[in-house]
Structure formats: C-alpha cells, structure tokens
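Single-structure report; data block below.
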C-alpha cells in the first residue's frame with residue numbers, strides 16, 4: 001500500500017497483533033511478527049493519517065498530517081532509559097495530527113490511541129512547556145481570553161450531557177494556585193492544570209474496521225474543536 005491509498009479500516013489482525021505484543025513484549029516476538037505490524041498496523045495507520053488530515057482541514061485549516069514515524073505516527077519503540085519498565089515496545093497505536101507554528105508536541109492537535117480493547121480520541125495539549133504554561137495562566141485570568149475558555153469548556157460539557165461522550169481531561173495537576181494569582185478567582189481551578197485535553201474514551205466501535213471510522217472520529221473531533229481552537233490561539237501569542 002502506498003501513502004496515497006485510501007483508508008479502508010483497521011483489521012481484527014490489528015488488535016490481535018497488539019494482544020500478542022502485550023503477552024510477548026520482546027524483540028524476538030516482534031521480529032517474528034514484523035510483517036503483521038507493517039501490514040495490519042502501519043499501512044492503515046498511514047492511510048488514516050492522510051485521509052483524516054484531509055477531513056480535519058475543513059475545520060482546522062492548518063492541521064499537519066504527516067504519515068511518517070516521529071511525525072503523525074508515534075514510534076512503537078519505548079524509551080526505556082529512565083523507566084523501571086524495560087519492555088521494548090508500546091502496546092498501543094498512537095497517532096497525532098497537530099496545528100500551529102511550534103514544535104509538534106507543543107501545539108494543540110488531535111490524538112488517536114488504539115489498544116486491543118479500547119479506542120481513545122483527544123484534542124488539546126497534554127503537557128504545557130514553561131512558556132506555554134505561563135501564557136495559559138495569563139489567558140485563564142484575562143478578561144477576554146478567560147471567558148472564551150470557559151465557553152469552550154461549557155460547550156464541551158454540553159456535549160457530555162448530550163450522549164455521555166466527550167469530556168475534559170486535565171491529567172496531573174498542581175496542588176496550589178500558582179504564586180501571583182488569586183486563589184479566589186472564578187477560574188482558579190483552571191490555574192492548577194499542567195495541560196488541557198478534551199477526550200473520548202470507550203470500547204472498540206464497529207466502525208474501526210471500516211472507512212466509516214473517519215466519520216466516527218470526525219464527529220468527536222468536532223465536539224472538541226472549541227477547546228482546540230482556543231489553545232491554537234493561545235500558542236500563537238507565544
């Protein structure tokens with residue numbers, strides 16, 4: 001399959017590969033199953049990135065969808081240098097389509113995470129680098145940018161009430177409001193965030209195995225769009 005072929009869906013073998021990798025996370029096993037990885041994971045992952053990027057540009061014109069490893073495709077190899085877990089491979093597929101002028105992981109973007117029994121979609125910035133964190137805090141309390149963020153979060157929460165899907169995920173947070181900011185500010189809770197992400201997490205949908213997965217993801221990314229746009233505008237002020 002070339003990078004220009006259309007996305008036709010992932011396969012049952014895609015999930016089977018990751019199940020096998022979970023139970024046999026060794027270089028020997030991976031080498032024995034490398035052709036399965038290339039056929040059932042990489043080929044369709046690249047096609048998904050290209051086709052999903054084309055869809056997303058209708059709502060996020062500057063989105064970058066680059067079907068190369070270390071661009072929109074995360075490496076399957078784990079960095080074990082500073083980890084107690086020395087298993088060599090990640091047991092999930094991770095894809096990233098980002099928008100902005102900064103480094104790819106410092107921009108807001110759209111995330112795709114596939115495990116054998118779970119599909120997670122997201123949009124936002126998982127962890128702010130120091131300049132972005134400082135701008136984020138200023139923006140939270142800003143008389144214009146702050147209410148816009150509150151509106152974006154409210155819109156996201158409205159989607160949650162609608163079908164129990166998307167929600168706000170803040171991950172690890174600071175314990176105290178940073179020095180120089182009012183702990184009684186109406187948006188003080190947002191000042192505790194180290195990153196800001198909208199997420200949708202659930203079991204494997206039947207759409208995974210068809211081209212309709214593009215529509216499935218697009219519908220959920222659209223719900224996350226207000227938060228993504230706010231973060232893109234924020235990073236443009238850096």
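Computed values, structure above
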{"item": "Scan of segment 183-208 for residues that are part of a strand (DSSP E or B) and farther than 16 Å from residue 92 by Cβ, ordered by number", "result": "193, 196, 197, 198"}
{"item": "Residue in segment 70-77 that is over 30 Å from residue 230 (Cα atoms) and either touching a strand residue (DSSP E or B) at 6+ places or on another chain (Cβ under 8 Å) or buried (at least 19 other Cβ atoms within 10 Å of the Cβ) (or both) present", "result": "yes"}
{"item": "Residues located in segment 112-151, provided they are in a strand (DSSP E or B) and either out of contact with any strand residue (DSSP E or B) (no Cβ under 9 Å at 6 or more places or on another chain) or touching a residue at least 60 places away in the same chain (Cβ under 8 Å) (or both)", "result": "112, 114, 115, 118, 119, 120, 121, 122, 123, 124, 125"}
{"item": "Among (1) crowded, with 20+ Cβ neighbours inside 10 Å; (2) more than 30 Å from residue 182 (Cβ to Cβ); (3) at pLDDT below 95 - the single one residue 162 does not satisfy", "result": "(1)"}
{"item": "Check on residue 106, surrounded by 16 or more Cβ atoms within 10 Å (Cβ to Cβ), over 18 Å from residue 22 (Cα atoms) and touching a strand residue (DSSP E or B) at 6+ places or on another chain (Cβ under 6 Å)", "result": "no"}
{"item": "Checklist (1) exposed (fewer than 15 other Cβ atoms within 10 Å of the Cβ); (2) outside any helix (DSSP H, G or I); (3) in contact (Cβ under 8 Å) with a residue 40 or more places away in the chain applied to residue 7, failing item", "result": "(1)"}
{"item": "Positions within segment 17-28 being closer than 20 Å to residue 74 by Cβ and in a helix (DSSP H, G or I), in sequence order", "result": "17, 18, 19, 20, 21, 22, 27"}
{"item": "Any hit, segment 10-26, residues being in contact (Cβ under 8 Å) with a residue 60 or more places away in the chain, over 18 Å from the mean Cα position of the chain (by Cα) and at positive phi", "result": "no"}
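The values are calculated or read from the model by the stated rules, or taken from the named source; none is laboratory data. Just so we're clear, the structure is a prediction, and the values are computed from it rather than from any experiment. We place every Cβ from the backbone using ideal geometry, glycine too, and count neighbours over all the protein chains shown.
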